[in-house]
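Notes follow the structure.
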Amino acid sequence: MTEKALVLFSGGQDSATCLAWALSRFDHVETLGFDYGQRHRIELECRDDFRRTLPADWQAKLGPDHTLALDALKEISDTALTRETEIAMREDGLPNTFVPGRNIVFLTFAAALAYRRGLRHVVGGMCETDYSGYPDCRDDTIKALQVALNLGMAQRFVLHTPLMWLDKAQTWELAEQLGGRKLVCDIVEKTHTCYKGERGELHPWGHGCGACPACELRARGWAEYETRAHARMHPPRNGKLADD
């Protein structure tokens with residue numbers, strides 16, 4: 001049986017890694033992005049460029065890219081991702097980049113599209129390890145939503161979250177395992193994560209302002225990934241590093 005998947009592909013690091021993960025497992029993979037008035041809408045514009053860099057065997061499995069407009073999310077939310085306001089922590093301990101209901105809405109619309117397209121597997125980059133405390137990124141939320149979607153649509157969708165228990169360094173490592181250093185370089189150069197939407201300078205870890213929480217998290221993960229890679233290439237000898 002042909003296994004088909006739909007990947008929530010924003011154009012950022014996590015979703016690009018999830019796309020590679022899906023292409024390594026499923027026979028046919030389509031992608032879906034959401035335009036909800038986000039400040040960093042430039043991420044959506046990176047998707048085509050990244051998709052074109054994928055190797056030929058993955059290209060053969062790659063289906064259409066879809067974009068859905070969800071302007072209502074911007075209208076009903078007052079967050080630093082949908083308004084030109086300073087990024088800060090709220091009194092309840094959540095960052096003001098949290099868009100209430102976003103992932104629940106995304107996965108619901110993704111399931112509706114998957115229903116129409118005959119796609120059983122839905123893949124998202126939600127993560128409970130390196131995250132900002134967003135409640136809709138938690139594993140319990142995704143599991144509960146899978147039950148609700150299957151009951152409400154009389155289907156047997158499977159919601160996959162391959163990054164759920166990985167930190168950012170491990171996400172970089174997963175990308176390397178899936179597609180080698182070329183995939184890592186393509187993610188660095190052709191995806192976008194910065195909350196402020198600044199393409200700007202190309203840092204070792206990618207484009208961005210370098211100061212927002214998304215950039216800081218990506219940079220820290222990259223540094224740890226490089227440290228781990230160096231340790232693997234230069235294991236200790238007699239209690240000393242090989243290059244000491």
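Over the residues of the chain, the helix contribution to mean residue ellipticity at 222 nm works out to -13500 deg cm²/dmol, using -39500 (n - 2.57) for each DSSP H run of at least 4. Give the lysines reachable from Lys143 as a straight Cα distance under 21 Å; neighbours fewer than 8 places away on the same chain don't count. Leaving aside lysines fewer than 8 places away in the same chain, those within reach of Lys143 are Lys4.
Pair-distance distribution P(r) for the chain, from all Cα-Cα distances in 5 Å bins starting at 0: 1, 6, 13, 17, 20, 17, 12, 7, 4, 2, 1, 0, 0 percent. For region 5-88, the list of GluC sites (Glu not before Pro) that fall in a loop by DSSP and count at most 10 other C-beta atoms within 10 angstrom reads Glu84, Glu86. Let me know the whole percent of all Cα-Cα pairs from region 128-185 that are separated by more than 20 Å. Result: 43 percent of Cα pairs exceed 20 Å.
When only C-alpha pairs under 8 Å and at least 6 residues apart count, what is the relative contact order of the chain, in percent?
Worked out over the chain, it gives 21 percent.
Legend: helices of the chain (whole DSSP H runs) are marked when their alpha-carbon atoms reach 20 angstrom or more along the helix axis and their mean Kyte-Doolittle hydropathy is at least -0.5; marked are 102-117, 139-153. Give me the lysines in straight-line cross-link reach of Lys196: C-alpha distance below 28 Å, same-chain residues under 8 apart excluded. Once the sequence-local lysines are set aside, what remains near Lys196 is Lys74, Lys168, Lys182.
No value in this document is a laboratory result; all are computed from the given coordinates. What you see is a predicted model, and the numbers here were worked out from it, not measured in a lab. Cβ sites come from the backbone with ideal geometry, for glycine too, and all protein chains shown count toward neighbours.
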